[in-house]
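The values are calculated or read from the model by the stated rules, or taken from the named source; none is laboratory data. Computed from a predicted structure; not experimentally measured. Virtual Cβ from ideal backbone geometry, glycine too; neighbours counted across all protein chains shown.
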Amino acid sequence: MTSFELVEPRSLEETFALLDRDDPAVRPIAGGTALMLMMKSGLFSPLRLISLRRVEPRLAGIAFADGSVRIGAMTTFAALEHSPEIRRHLPVVTRTMRTLANPRVRNVATVGGNLAHADTHLDLPLVWIALGAQAVVVSPRGERIVAVEDLYRGYYETVLHHDELIAALHVPLRPTWRSVYVKVTTRTAHDWPALGIAVSLARDGSIIRDARIAVGAATKKATRLIQAETVLRGAAIDAAAVDDALLARAGDAAIGEISIEADSRGSASYKQHLLRVYLGRAVRAAAAAEPGA
Amino acid sequence: MTPEPMPLSQVGRSIPRLEASAKVTGRAEYVHNLRLPGMLYGKIFRSIVPHGRITQVNVSAARAVEGVHRVVTIEDIRSIIPNPYFGPAFHDQPILADHKVRFAGEPVAVVLAENYRVAEQAAGLITAQYEELQAVDDEVEAVSASVFVHDELKPASTFADLQHLKGQRGTNVALDYRLRHGDAEAAFAAADQVFEHSFRTQPVMHTPLEPFVSVADAANGRLTIHTASQSPSFVRIEIARLLGWAENRVRVKTAHLGGGFGSKLYIKLEALVAALSLLTGRPVKISLTMEEQFFMVTRHACTLKIKSAVDKNGRITARQCKTWWNGGAYADIGPRVTQKAGFTAAGPYDIENVALDSYAVYTNRPPASALRGFGAPQTAWAYETHTDLIAEALNIDKLEFRRRNILRNGRPQATGTVVRDTGLEAILDRLAERLAWDQPFDRGSDKLRRGRGIAIGFKAIVAPTTSAAIVKINADGSCTLYCGTVDMGQGSDTCMTQIAAEVLNIEAESIQVIHPDTDVTPYDMGTLGSRSTFHMGNAVRLAAEDAKSKIAALMAELNLPPGSNVPLVELFRRKYGMQAGNIIGTGSFHPAYAKPDHQTGRSPQVTPFWGVGGTGAEVEVDTETGQFRVTTLVNVVDAGVPINPKLVQQQISGAAIMQFGFTVSENMVFHEGQLTNGSLADYKIPGLLDLPRNFINEWVEARQHDGPFGAKGVGESATIALSPAIGNAIADAVGVRLTELPLTAESVYRAMQAAKGKPLPEQ
């Protein structure tokens, strides 16, 4: 790792002044858990890192209002994990934390950094997409809202400009929906996932009123499965079991709408198979879960 | 405070490790923490091609970086060491690439700088040009390839059985060990049934959590090397040879090691830092990153073919094994692995006719060497999967088939060495008991199928080797132990004090151990191959007995009756008129050995003792995905009589966890000679969450008649049979046989689909 300058501005205005739109060697840093690995491996050699950890208070805090929760971009995973309100209103987030990295990383990694890193193997962006979350993006030009599912352009690529920062996340509270995240590893428990799937369902009795599904790790970027959702939307399910044929159709739709990548965790054909199996399992688990789960 | 009464026996106590408190409080000494005044830091620039001639190395940009002291290539090294090639078996490895690179990742140049960051930054500015050569990758293809990794074979003079290879050209085979016992050909011709199978194992890495680190300090006509090494005595001999110096001008010191597992043996960074310090006149330190460890040394990938003849009573009458060992670009100790693992490649069975061939093969990959088992786990993967396949075909219970053929104490093994003091049968019995083998077994459901498997294996111990130790009784009666065994986490310091304490009738914890320092501690061949408890343990025992007899002689001299309780300090006072002097006990141990005959590969005394281990596994397989969990893992080894039962248990569980990783997740993946997963994010070692719910680690006692207090080494025993036990359990659960390691969810699923006639597309 080469030497670099670290700056800790106290305000957004100061931060914007330090960011250079055209120089990729000048970047913001939040928790740094991902960035430091890239720097240690020589993939990224910054000249200047602008730490966001002292930019208070716009980037911090968890606040509930008007049927949604605002989560500041600098909120650590540990703060989410241990928040009683998050556990009550977004229990899928609390559950996901248990499978995510380790306590040391969770103590440092942040919600905003995790979103901006745009690594397809990250678990939490999939959960945010399934929950219908939106990112609040700020820049010297003002503020704009980007749905998390629209945040990613490709492999490690976001739609953000170099002078834009994620300030917060807005997550709608949907007490009747049921959500599940499944992390599928193929080698060890603490491996990166070969496949990540988040499913959120709204049920009206035995009808799937609405569905949001996101997949990652096996794809170039976190991706919403629109076609698979369409198959599920309006389908009738038995309270205890979702029909095999319905899940097979959803699986076919999912396979058809994305391109799956091979890596050391599995071939593309195997991951495609895993997607079929685990999409079915995740939908079944979500359908059987309590409302608000 | 009244001291606790001393236990009657020091051997057999599970005393906590002597260094435990220093380690957990961060006070233990490691070479990584060493800083010497004026020290330079080195960073290695590595080849990016697997095989090629170096046409140019451009170091000018690196040299221009502020803080860079010097950039060094092989030309500079040669000014210090005219023939800069090293290695324990072959003198084939250049200290830096010598106009040719033989694997992607090979060191080509070194930047020396005032601090590590500058060195790293400057190394990134070096460029090299290569005339690329065709590379050889596969161990079987390399045997008949027309591309040669080395122009000429250069065996070290130390190994007599390699001398016939000296000067050979046009080959990639660095050793061809053969063993012929009985008449296998005739037995196959007369056989009722013949079974033949092929197997493969993958390259894996030792992954010590402390990466390689060495510091050299040349001053006043001497050279001191501080190094995380498992074999400081060998380092001294080899450095002295390279420099043409007397051994006493080279001092090699170790500290605690954060693991070794066979990686930190022989010479690794030591020759390089030695040359750099002599070149610059300053201390030089090189410490590798975790990622660089992948380019240092690995465990051999293997291709194994095994064929057995079986009679109508289910007795194996003949066995033929051929093993190709992918040794990578430099032989390291690979030829020894090839030979030692060759001895036992037919498995722990009583077979009248055996033909074994074992080839150490050069390829354009990082060098391969010993890794916790010296090749035994690879051969056991083949013979214990093969054993199950035969039992299945004959419709004989797999435990019963093993019992019918197991090698019993008193019977000659394939090499001709008579097996004694082993717990082979007792281990089979214990596995059967722990798995309730004779009870009905819950096979699970269609979606989650359960299965169970067993396997057993053994290994010969590296021979001939020797150890020496010194026990010093100080004038106050306290005791200091000088011992060249490297404590790299296995607890050898603790074990050795227990042996000395048992002889001297003192408390083990009261003894101070002097860590390996070749200026101070006597010779030891190396901390490797499960040899320390037996070899060094015996040397320590002899040294303590020597000290004890000298104490008795002093008592006689002072006219005290034998067994007098006059304290030691009083003896010294009476002798010298004050508290002064000391007693030095020395011990040297060199077990009997007979060199194998070159034609037949046989020897009446091929190993000082046998390392024996068995594993039983229960698995559940998700039939929709091939994902599986090992729910029960039982490891049973033969530990002789344990010196420290707790340490023995930790050696068993540690070895088992390691081999578990080599079985289900670890795999160095090469694409066109390039390692594609050289980081711990992409190369996965197991974590605690991966361990089986029932993880049982035990030993059976089988007194080693010539071991210290009946003990033998156990560091590797639990690695030997673990992989085939899990493979056998998976086959039992879902009816498919995997012949290649690692056993992954995808490989299980693919095999299941293939068996259904619905193979999954390759990509």
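Which condition does residue A:93 not pass, out of (1) closer than 24 Å to residue A:214 by Cβ; (2) surrounded by fewer than 16 Cβ atoms within 10 Å (Cβ to Cβ), if it passes all the others?
(2)
Is it true that residue B:475 is among the aliphatic types (A, V, I, L, M), in the same structural domain as residue B:727 (by TED's automatic domain parsing) and either surrounded by fewer than 19 Cβ atoms within 10 Å (Cβ to Cβ) or touching a helix residue (DSSP H, G or I) at 6+ places or on another chain (Cβ under 7 Å) (or both)?
On the way: among the aliphatic types (A, V, I, L, M): yes; in the same structural domain as residue B:727 (by TED's automatic domain parsing): no; either surrounded by fewer than 19 Cβ atoms within 10 Å (Cβ to Cβ) or touching a helix residue (DSSP H, G or I) at 6+ places or on another chain (Cβ under 7 Å) (or both): yes.
So residue B:475 fails the test.
Here is a list: B:370, B:341, B:331. Which entry is modelled with pLDDT under 95 and farther than 16 Å from residue B:402 by Cβ? Don't jump to the end; show me each part of the working.
Details: B:370 fails: modelled with pLDDT under 95; B:331 fails: modelled with pLDDT under 95.
Every option except B:341 fails the conditions.
For the stretch B:173-218, what are the residues that are surrounded by fewer than 23 Cβ atoms within 10 Å (Cβ to Cβ), touching a helix residue (DSSP H, G or I) at 6+ places or on another chain (Cβ under 7 Å) and more than 30 Å from residue B:32 (Cα to Cα)?
B:173, B:194, B:195, B:197
For the stretch B:545-553, does any single residue satisfy the condition of being in contact with a Pro (Cβ under 7 Å, 6 or more places away or on another chain) and modelled with pLDDT of 95 or more? Give the steps one after another, and end with the answer.
To start, the set of residues in the stretch B:545-553 that are in contact with a Pro (Cβ under 7 Å, 6 or more places away or on another chain) comprises B:552.
Checking the rest, the ones that are also modelled with pLDDT of 95 or more come to B:552.
Within the stretch B:545-553, one or more residues are in contact with a Pro (Cβ under 7 Å, 6 or more places away or on another chain) and modelled with pLDDT of 95 or more.
Among the residues of the stretch A:59-80, write down those that are under 15 Å from the mean Cα position of the chain (by Cα) and more than 16 Å from residue A:136 (Cβ to Cβ).
A:76, A:77, A:80
Just give me the residues in the stretch B:673-709 being closer than 19 Å to residue B:291 by Cα, of a type in the set (D, E, K, R) and over 23 Å from the mean Cα position of the chain (by Cα), in sequence order.
Kept after step one, since they are closer than 19 Å to residue B:291 by Cα, are these residues of the stretch B:673-709: B:673-687.
Those still in the list that are of a type in the set (D, E, K, R) too: B:682, B:684.
The one that is closer than 19 Å to residue B:291 by Cα, of a type in the set (D, E, K, R) and over 23 Å from the mean Cα position of the chain (by Cα): B:682.
Using the structure shown, decide if residue A:188 is away from chain B (no Cβ under 14 Å) and either without any contact (Cβ under 8 Å) to a residue 12 or more places away in the chain or among the hydroxyl-bearing types (Ser, Thr, Tyr) (or both).
Working: away from chain B (no Cβ under 14 Å): no; either without any contact (Cβ under 8 Å) to a residue 12 or more places away in the chain or among the hydroxyl-bearing types (Ser, Thr, Tyr) (or both): yes.
It is false that residue A:188 is away from chain B (no Cβ under 14 Å) and either without any contact (Cβ under 8 Å) to a residue 12 or more places away in the chain or among the hydroxyl-bearing types (Ser, Thr, Tyr) (or both).
Which residues, taken from the stretch A:102-116, are assigned to a helix (DSSP H, G or I) and of a type outside the set (Lys, Arg)?
Within the stretch A:102-116, A:103, A:105, A:111, A:112, A:113, A:114, A:115, A:116 meet the criteria.
Suppose we keep only residues that are of a type in the set (Gly, Ala, Ser) and farther than 17 Å from residue B:424 by Cα within the stretch B:680-714. Which one would you say is modelled with the highest pLDDT? Lay out the reasoning, then the answer.
Of the residues in the stretch B:680-714, the ones of a type in the set (Gly, Ala, Ser) are B:681, B:687, B:702, B:707, B:710-711, B:713.
Subset that is farther than 17 Å from residue B:424 by Cα: B:681, B:687, B:707.
Values: B:681: 90, B:687: 93, B:707: 97.
If we take residues in the stretch B:680-714 being of a type in the set (Gly, Ala, Ser) and farther than 17 Å from residue B:424 by Cα, then B:707 is modelled with the highest pLDDT.
Can you list the strands (runs of 3 or more DSSP E) found entirely within the stretch B:20-102 that contain at least 3 residues being among the β-branched types (Val, Ile, Thr)? Reasoning before the result, please.
Values: elements: B:40-46, B:52-58, B:68-72.
Here the list reads B:52-58, B:68-72.
Output yes when any residue across the stretch A:61-69 is touching a His at 6+ places or on another chain (Cβ under 8 Å) and of a type in the set (A, V, I, L, M, F, W, C), and no when none is.
Keep residues of the stretch A:61-69 that are touching a His at 6+ places or on another chain (Cβ under 8 Å), which gives A:64, A:68-69.
The next check asks that each one be of a type in the set (A, V, I, L, M, F, W, C); those that pass are A:64, A:69.
Yes, that holds for at least one residue.
From the list A:279, A:225, which one is among the hydrophobic types (A, V, I, L, M, F, W, C), within 14 Å of chain B (Cβ to nearest Cβ) and under 20 Å from the mean Cα position of the chain (by Cα)? So that I can check it myself, show each step before the final result.
Numbers: A:225 fails: within 14 Å of chain B (Cβ to nearest Cβ).
After applying the criteria, what remains is A:279.
So residue B:229 fits all but one of (1) without any contact (Cβ under 8 Å) to a residue 60 or more places away in the chain; (2) in contact with a helix residue (DSSP H, G or I) (Cβ under 8 Å, 6 or more places away or on another chain); (3) of a type in the set (Gly, Ala, Ser); what number is the exception?
All conditions are met except number (1).
Go through the stretch A:117-210 and tell me which strands (runs of 3 or more DSSP E), entirely inside it, have 3 or more residues that are in contact with a strand residue (DSSP E or B) (Cβ under 8 Å, 6 or more places away or on another chain) and either within 19 Å of residue A:275 (Cβ to Cβ) or of a type in the set (A, V, I, L, M, F, W, C) (or both). Before the answer, list the steps.
Values: elements: A:134-139, A:142-147, A:152-154, A:165-172, A:177-184, A:195-204.
Strands (runs of 3 or more DSSP E) meeting the threshold: A:134-139, A:142-147, A:165-172, A:177-184, A:195-204.
Listed residues A:262, A:253; which is among the hydrophobic types (A, V, I, L, M, F, W, C) and without any contact (Cβ under 8 Å) to a residue 12 or more places away in the chain? So that I can check it myself, show each step before the final result.
Values: A:253 fails: without any contact (Cβ under 8 Å) to a residue 12 or more places away in the chain.
Of the residues listed, the single one that is among the hydrophobic types (A, V, I, L, M, F, W, C) and without any contact (Cβ under 8 Å) to a residue 12 or more places away in the chain is A:262.
Consider residue A:195 carefully, then state whether it is hydrophobic (A, V, I, L, M, F, W, C), closer than 28 Å to residue B:677 by Cα and either away from chain B (no Cβ under 14 Å) or crowded, with 24+ Cβ neighbours inside 10 Å (or both). Break it down stepwise before answering.
Working: hydrophobic (A, V, I, L, M, F, W, C): yes; closer than 28 Å to residue B:677 by Cα: yes; either away from chain B (no Cβ under 14 Å) or crowded, with 24+ Cβ neighbours inside 10 Å (or both): yes.
So residue A:195 fits the description; yes.
On the basis of being over 29 Å from the mean Cα position of the chain (by Cα), modelled with pLDDT of 95 or more and among the small types (Gly, Ala, Ser), does residue B:104 make the cut? Walk me through it before giving the result.
Numbers: over 29 Å from the mean Cα position of the chain (by Cα): no; modelled with pLDDT of 95 or more: yes; among the small types (Gly, Ala, Ser): yes.
So residue B:104 does not fit the description; no.
In this structure, is residue A:215 within 21 Å of residue B:627 (Cβ to Cβ), of a type outside the set (Gly, Ala, Ser), part of a helix (DSSP H, G or I) and more than 11 Å from chain B (Cβ to nearest Cβ)? Break it down stepwise before answering.
Numbers: within 21 Å of residue B:627 (Cβ to Cβ): yes; of a type outside the set (Gly, Ala, Ser): yes; part of a helix (DSSP H, G or I): no; more than 11 Å from chain B (Cβ to nearest Cβ): yes.
So residue A:215 fails the test.
From B:686, B:759, grab the single residue that is surrounded by fewer than 18 Cβ atoms within 10 Å (Cβ to Cβ) and either within 14 Å of chain A (Cβ to nearest Cβ) or touching a residue at least 60 places away in the same chain (Cβ under 8 Å) (or both). Please lay out each step first, then the result.
Numbers: B:686 fails: surrounded by fewer than 18 Cβ atoms within 10 Å (Cβ to Cβ).
Unique residue meeting the criteria: B:759.
Taking the condition crowded, with 22+ Cβ neighbours inside 10 Å, in contact (Cβ under 8 Å) with a residue 12 or more places away in the chain, under 30 Å from residue B:12 (Cα atoms) and assigned by TED's automatic domain parsing to the domain that holds residue B:550, does residue B:457 pass?
On the way: crowded, with 22+ Cβ neighbours inside 10 Å: yes; in contact (Cβ under 8 Å) with a residue 12 or more places away in the chain: yes; under 30 Å from residue B:12 (Cα atoms): yes; assigned by TED's automatic domain parsing to the domain that holds residue B:550: no.
Criteria not met by residue B:457.
Just for helices (runs of 4 or more DSSP H) wholly inside the stretch A:1-101: which have at least 3 residues that are more than 14 Å from every other protein chain (Cβ to nearest Cβ)?
Details: elements: A:12-18, A:33-40, A:77-81, A:84-89, A:91-97.
It comes to A:12-18, A:77-81, A:84-89, A:91-97.
With respect to the numbered conditions (1) in a helix (DSSP H, G or I); (2) buried (at least 24 other Cβ atoms within 10 Å of the Cβ), which one is the sole condition not fulfilled by residue B:292?
(2)
Residue-wise test of (1) at the interface with chain A (Cβ under 10 Å from one of its Cβ atoms); (2) under 14 Å from residue B:722 (Cα atoms); (3) surrounded by fewer than 24 Cβ atoms within 10 Å (Cβ to Cβ).
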position	(1), (2), (3)
B:635	no, yes, no
B:640	no, no, no
B:648	no, no, no
B:659	no, yes, no
B:662	no, yes, no
B:669	yes, no, yes
B:682	yes, no, yes
B:693	no, no, yes
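Within the stretch B:308-350, track down each residue that is charged (D, E, K, R), closer than 23 Å to residue B:612 by Cα and surrounded by fewer than 24 Cβ atoms within 10 Å (Cβ to Cβ). I'd like the intermediate steps shown before the answer.
Within the stretch B:308-350, the subset charged (D, E, K, R) is B:311-312, B:315, B:319, B:322, B:332, B:336, B:340, B:350.
Retained after the next criterion (residues that are closer than 23 Å to residue B:612 by Cα): B:315, B:319, B:322, B:336, B:340, B:350.
Listed by number, the residues that qualify are B:315, B:322, B:350.
Residue B:736 is checked against (1) within 14 Å of another protein chain (Cβ to nearest Cβ); (2) assigned to a loop (DSSP other than H, G, I, E, B); (3) not hydroxyl-bearing (Ser, Thr, Tyr) and fails just one. What number does that condition carry?
So the condition that residue B:736 fails would be (1).
Please go through the stretch B:62-87 and give me each residue that is touching a helix residue (DSSP H, G or I) at 6+ places or on another chain (Cβ under 8 Å) and either surrounded by fewer than 17 Cβ atoms within 10 Å (Cβ to Cβ) or at pLDDT below 95 (or both), ordered by number.
Taking the stretch B:62-87 and keeping what is touching a helix residue (DSSP H, G or I) at 6+ places or on another chain (Cβ under 8 Å), we get B:62-63, B:65-72, B:76-77, B:79-81, B:83-84, B:86.
Residues satisfying the conditions are B:63, B:66, B:67, B:79, B:83.
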